[in-house]
Amino acid sequence: MTNSEYWENRYQVGTARWDIGQAAPPFVSLLNSPQAPKPGKVAVLGCGRGYDALLFAQYGFDVIGIDFAPSAIASATELAQATGSSAKFLERDIFELSAEFPHYFDYVLEHTCFCAIAPSQRLAYVKLVREILQPQGRLIGLFFTHSRSGGPPFGSTPTEIRNHFTPDFEILSLEPVTNSVPERQGEEHLGVFQVTVTSD
């Protein structure tokens, strides 16, 4: 589902059901925990209206949110301006980011992007994330691990996620989430993956 018109239409007609109207509670919990990542440069892929991006900016991160739906970027930018947030937003196809931001970010934040792209694009997504992260950079991902047929959102299992991201990443953690929004209860896993150090 890399067609920007498809996603733009979903925003226009009000069927953006992935939009929960707030930052994801598991990210809020993470940032308030002893395991909170240190502030750095973070890319929020498929950022939508920017709630997660604004959250991380609030905690001192240098945030760039990326989406290719114009309405999403317009809403996110407007919200950032209204709240005085430092978060920036770019209208881009995520799969074209490697040339613009090679090994640039300390973190990539994943929420509803991995489940939105076609499963056939997932290995390309892993490659993209690795290419825009600095050596030993980290992916912080809230994965939608539902088992319903069809999509988007396309489901996945923790095993599938591990298999996709190794050997490019070391799986530091991948755990079920207990404080999802009600409509996703029991269907999310929070993962922290670090770029694997190689000799090349």
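Within region 133-141, not a single residue is farther than 23 Å from Ala53 by Cα, in contact (Cβ under 8 Å) with a residue 24 or more places away in the chain, aliphatic (A, V, I, L, M) and touching a helix residue (DSSP H, G or I) at 6+ places or on another chain (Cβ under 8 Å).
For the condition under 15 Å from the mean Cα position of the chain (by Cα) and of a type outside the set (Asp, Glu), Leu133 qualifies.
Does Ile117 qualify as being under 19 Å from Val44 (Cα atoms), of a type in the set (Val, Ile, Thr) and outside any strand (DSSP E or B)? Yes, satisfied.
Screening Phe154 with (1) under 24 Å from Glu96 (Cβ atoms); (2) loosely packed, with under 14 Cβ neighbours inside 10 Å gives one miss only, at (2). For region 123-145, the set of residues classified as open to solvent by 10 Å² or more (accessible area, probe 1.4 Å) and under 15 Å from Glu160 (Cβ atoms) consists of Leu123, Phe144, Thr145, listed by residue number. Of all the residues in region 54-73, those that are in a helix (DSSP H, G or I) and either hydrophobic (A, V, I, L, M, F, W, C) or farther than 15 Å from Ala23 by Cα (or both) number 8.
Would you confirm whether any residue within region 160-179 is in a loop (DSSP other than H, G, I, E, B), in contact with a Cys (Cβ under 9 Å, 6 or more places away or on another chain) and open to solvent by less than 30 Å² (accessible area, probe 1.4 Å)? The answer is no; no qualifying residue exists. Given the condition farther than 17 Å from Gln35 by Cβ and assigned to a helix (DSSP H, G or I), answer yes or no: does some residue in region 148-155 qualify? No, region 148-155 has no match at all. In region 81-114, the residue that is farthest from Ala43 (Cα to Cα) out of those that are of a type in the set (A, V, I, L, M, F, W, C), assigned to a helix (DSSP H, G or I) and over 15 Å from the mean Cα position of the chain (by Cα) is Ala82.
The values are calculated or read from the model by the stated rules, or taken from the named source; none is laboratory data. Everything numeric here is computed off the predicted structure, so don't read it as measured data. Cβ: placed from backbone, ideal geometry, glycine included. Neighbour counts: every protein chain shown. Surface areas here come from the heavy atoms of the whole protein model, side chains and all, with no ligands, DNA or RNA. Shrake-Rupley method; radii C 1.70, N 1.55, O 1.52, S 1.80 Å.
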